[in-house]
């Protein structure tokens, strides 16, 4: 059996699990929202499908970790390539963060949904899900950061400002992403204020690698611009190659990350969170970070990699650039009003409001209309993206550059500290941090005598 077959076989497990969960969703047997908080329950096949998806994905993680280990054995003393380092640390992050929801499903949700248990503890379930809820965003975000560090400087015509800064950012995103989930539980009574404060401090630490990434990527772009003749404190931005999709995506992603990061600090604050908790502010923040910063980088990566996969030249770089600008504009038109109506106490997770002409609710209408306009712009942008890739696939002009290469640092590291070239120490550090931040908060449920809740909704 080849290595490819060994990895491909478990991937079918993830595909089957996804299909199983999707069928339950589409047939109305899993109307429990993204967080599926109990005691509202779905069909057991939904939870089983979710567990199969998670377990199947772990095999890819193991493959990434094994690949990095093998590379280090074959290249002793050399720095692990930055793309490999970031991808592997992301794989390890996914294994850590997905464990929370897997434990919740295996020991609480599936037994109750199958009728093997009559009650369950919603407080414990919410605590376990908080283990997964925050860090899953970074599993999506880190690939965008990898592209910012390794592709944006290269395609901008410059060099990466610092390889070491990138590694520090990846490590900090890893270590401060999983053990901080209680900012989703600030209003929940089952966890004491001291534990929430501990998680709050860790959440604020996530801002450090975000600032570090912003500085490093913008410094790399400035280098590229000045090599092209860009001048001035801010005028160098005009010297960038604004006809290159990856450059456009990188700059626009940085802009959205600035606003999204500010919103994240509000979410992280123990006191300010009370103002926006369970409002549409949270939904707007999520879409700005994921749909904005993350997805726009994914779109640019697709424009870069698709011609190399198909061997066909990109149909239209100009269309790609316009599509990215439209995505950026649509995302701002969608999410900025979304944030504002959150400040006007528009609740999330409601399908309608029967009191739309009363008091402050009457102010929501115009902002909802603006959001609809933003959504339409995003749909147009999405259609342009798909059209461009389809036309690329049928393009008769061959792609002239089939090589896959990444940005070099200004000062390529001949050797980096082992702590920035290995994941062993950080894996043990994560284990210790998780034991501190989640140990007692989970153990308490076994001896404080909480009352079980009867499930409903199946």
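Below, the figures for the structure above:
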read-out	value
Cα shape, region 270-415, gyration tensor, a/c 1.5 rule	oblate
Binned Cα-Cα distance frequencies in region 148-192 - 5 Å width, integer %	5, 18, 15, 13, 11, 10, 9, 8, 6, 4, 1
Fraction of the pair-distance distribution of region 1-133 above 26 Å, Cα-Cα pairs, percent	34
FRET efficiency, 1/(1 + (r/R0)^6) with R0 22 Å, evaluated for residue 298 and residue 322 via beta carbons	0.80
Estimated FRET transfer efficiency when R0 is 22 angstrom, pair residue 399-residue 227 (beta carbons, to 0.05)	0.30
Label-point gap, in nm, between residue 270 and residue 344 - each point 7 angstrom along Cα→Cβ	3.3
In degrees, nearest ten, helix 82-104 long axis to first principal axis of the chain (Cα)	10
More than 13 Å apart - percent of Cα-Cα pairs taken over region 275-332	66
Cα long-axis angle, helix 135-150 against the chain (0 to 90 degrees, to the nearest 10)	0
Volume of the Cα convex hull of the chain, divided per residue and given in Å³	178
Fraction in percent of alpha-carbon pairs per bin - 5 Å, region 102-212	2, 11, 17, 16, 14, 12, 10, 7, 5, 4, 2, 1, 0
Extension gain (nm, one decimal) between residue 192 and residue 361, 0.36 nm per residue minus Cα-Cα	57.5 nm
20 Å cut-off, amide nitrogen to a point 7 angstrom out along residue 313 Cα→Cβ, residues in region 385-402	387-402
The chain: angle of helix 163-175 to the longest principal axis, Cα-based, in degrees nearest 10	10
Footprinting exposure proxy for 72, 159, 396, 243 (fewest neighbouring C-beta atoms within 10 Å first)	396, 243, 72, 159
Linear extension gain, residue 422 paired with residue 26, 0.36 nm per residue minus alpha-carbon span	138.3 nm
Paramagnetic reach from residue 83 (point 7 Å along Cα→Cβ, amide N under 19 Å) across region 302-333	302-314
Gain upon complete extension [residue 60, residue 380; 0.36 nm per residue less C-alpha separation]	111.8 nm
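None of the figures in this text is laboratory data; all of them are computed from the coordinates on show. Because the structure is predicted, anything quoted here is derived from the model rather than measured. Glycine also receives a Cβ, built like all others from the backbone with ideal geometry; neighbour counts cover every protein chain displayed.
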